[in-house]
Amino acid sequence: MPLFNQKVSPGLSITDDTDILHFLNPDNSDKYVDARTALKNSDIYSIVFQLSADLANGKLKADAPRAQGILNNPTQTSNAHAFWQSMFAQLLLGGECFAYRWRNQNGTDMTWEYLRPSQVTPFLLEDGSGLIYNINFDEPEVGVMEAVPQSDLIHIRLLSQNGGKTGISPLSALANELQIKDKSNKLTLSALGRSIIAPGILSIKHGGLLSDEDKASRSRKFMKQTSKSENGPIVIDDLEEYTPLEVKSNVAQLLNQVSWTGAQIAKVYGVSDSIINGQGDQQSSIQMMGNAYVKSLARYAKAVTGELNNKLNANINLDLRSAIDPLGDSYATTISNLRKNGTIAANQAAWLLKESNYFPEEMPEASTPPVPISTSKDDKSTEGGDNDDED
């Protein structure tokens with residue numbers, strides 16, 4: 001049966017108060033920030049890239065083999081890291097992201113297809129028992145799918161105002177900041193383009209009122225005299241006086257007056273402004289900044305695993321250790337401290353380090369139990385010759 005002949009329930013449109021306000025006030029278009037336009041802002045691009053890359057660097061671990069298989073290889077058109085980073089980037093920009101689950105007759109996931117938010121329109125069932133989606137695929141052979149059940153779609157949301165049905169874009173909180181920064185950039189470029197750079201002022205005394213042509217002519221002659229002097233002294237008569245200029249330009253203030261917008265963008269995404277400008281709070285230690293960043297990543301990770309646990313019927317966790325500690329040195333230090341404190345045994349510490357790939361699997365077993373090396377200055381050797389006072 002052709003697709004356009006199917007009769008399905010249209011469902012209820014999912015709207016919020018902002019949609020009604022925009023309908024009543026169509027001129028209030030400044031409250032909408034396009035994701036493509038937002039990515040042209042260097043601060044937003046930096047935050048979205050770093051957060052999405054770190055989330056994609058984490059490992060999605062499931063307790064079911066089938067779920068783990070689709071998480072490790074979700075798409076046929078790209079690699080797993082690129083797919084997940086694209087999903088997380090769209091989540092950070094639009095507040096929600098979508099992926100269609102292509103499944104076989106047994107309901108096993110074969111592959112997932114990334115969907116842009118413009119391709120998906122959610123609806124609420126008339127009895128309120130769930131959601132359905134209308135999806136416009138790019139492939140002509142697929143076309144439009146109507147009334148797609150929510151079980152066939154991966155729909156990850158962030159903050160919501162309608163009970164978690166849809167997500168709110170973080171960019172909606174940056175509309176005013178981005179407009180201020182855009183206008184400030186235009187003002188700065190205009191000031192730079194119209195700035196006057198003059199080496200000095202040549203004053204003509206007792207010359208009366210000279211016309212503009214005479215002033216311009218005398219300026220050109222003076223510049224010609226300056227060039228021919230080959231960096232030598234300039235000779236003028238008593239009727240003229242030359243004063244070098246020391247102009248204190250305010251262009252630098254224009255460049256710095258909206259530096260606070262970077263901090264505002266970082267605040268919206270829940271990270272420190274050091275992620276943007278590399279400075280932040282100089283009094284904070286690197287460990288404190290790292291702990292705060294881990295908490296920020298964990299907030300987004302819960303939104304991801306909550307949706308995957310629901311749709312894949314598995315216990316899924318996003319391990320961020322590889323993202324925040326790529327070399328594993330901090331993890332090894334923690335295991336070493338636990339071993340010194342007697343919390344774990346030496347063989348348990350070695351097993352944990354092997355499981356985290358800090359130690360290679362082919363690492364041979366120790367022939368003798370390792371002995372900690374003491375670095376205390378008070379330790380004295382029990383071996384060696386006696387002090388020879390006669391020498």
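At a glance:
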read-out: Residue check for residue 151: outside any helix (DSSP H, G or I), among the polar types (S, T, N, Q) and closer than 20 Å to residue 309 by Cα; value: no
read-out: Residues within region 43-63 that are over 18 Å from residue 318 (Cβ atoms), surrounded by fewer than 20 Cβ atoms within 10 Å (Cβ to Cβ) and in contact (Cβ under 8 Å) with a residue 40 or more places away in the chain, tallied; value: 2
read-out: Residue 326, sole failed condition from (1) open to solvent by 60 Å² or more (accessible area, probe 1.4 Å); (2) more than 30 Å from residue 106 (Cα to Cα); (3) modelled with pLDDT of 75 or more; (4) part of a helix (DSSP H, G or I); value: (4)
read-out: Considering residues of region 74-117 that are touching a residue at least 60 places away in the same chain (Cβ under 8 Å) and not in a strand (DSSP E or B) only, the residue nearest to the chain's Cα centre (by Cα); value: 92
read-out: Condition check for residue 175: open to solvent by less than 20 Å² (accessible area, probe 1.4 Å) and either under 26 Å from residue 82 (Cα atoms) or not in a loop (DSSP other than H, G, I, E, B) (or both); value: yes
read-out: Check on residue 190, out of contact with any Pro (no Cβ under 6 Å at 6 or more places or on another chain), polar (S, T, N, Q), free of Cβ contacts under 8 Å to residues at least 40 places away in the same chain and not in a strand (DSSP E or B); value: yes
read-out: Pairs with Cβ under 9 Å, 6+ apart, first in region 210-221 and over 17 Å from residue 236 (Cα atoms), second modelled with pLDDT of 75 or more and surrounded by 12 or more Cβ atoms within 10 Å (Cβ to Cβ); value: 210/218
read-out: Residue identified as at pLDDT 75 or above, farther than 23 Å from residue 102 by Cβ and in contact with a strand residue (DSSP E or B) (Cβ under 8 Å, 6 or more places away or on another chain) among 186, 165, 205; value: 165
read-out: Residue list for region 117-142, restricted to those being open to solvent by 40 Å² or more (accessible area, probe 1.4 Å), out of contact with any Cys (no Cβ under 9 Å at 6 or more places or on another chain) and within 23 Å of residue 85 (Cα to Cα); value: 118, 121, 136, 138, 139
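The values are calculated or read from the model by the stated rules, or taken from the named source; none is laboratory data. As the structure is a computational prediction, the values presented were derived from the model and not from experiment. Glycine also receives a Cβ, built like all others from the backbone with ideal geometry; neighbour counts cover every protein chain displayed. Calculation scope for accessible area: heavy atoms of the full protein, side chains included, ligands and nucleic acids excluded. Shrake-Rupley method; radii C 1.70, N 1.55, O 1.52, S 1.80 Å.
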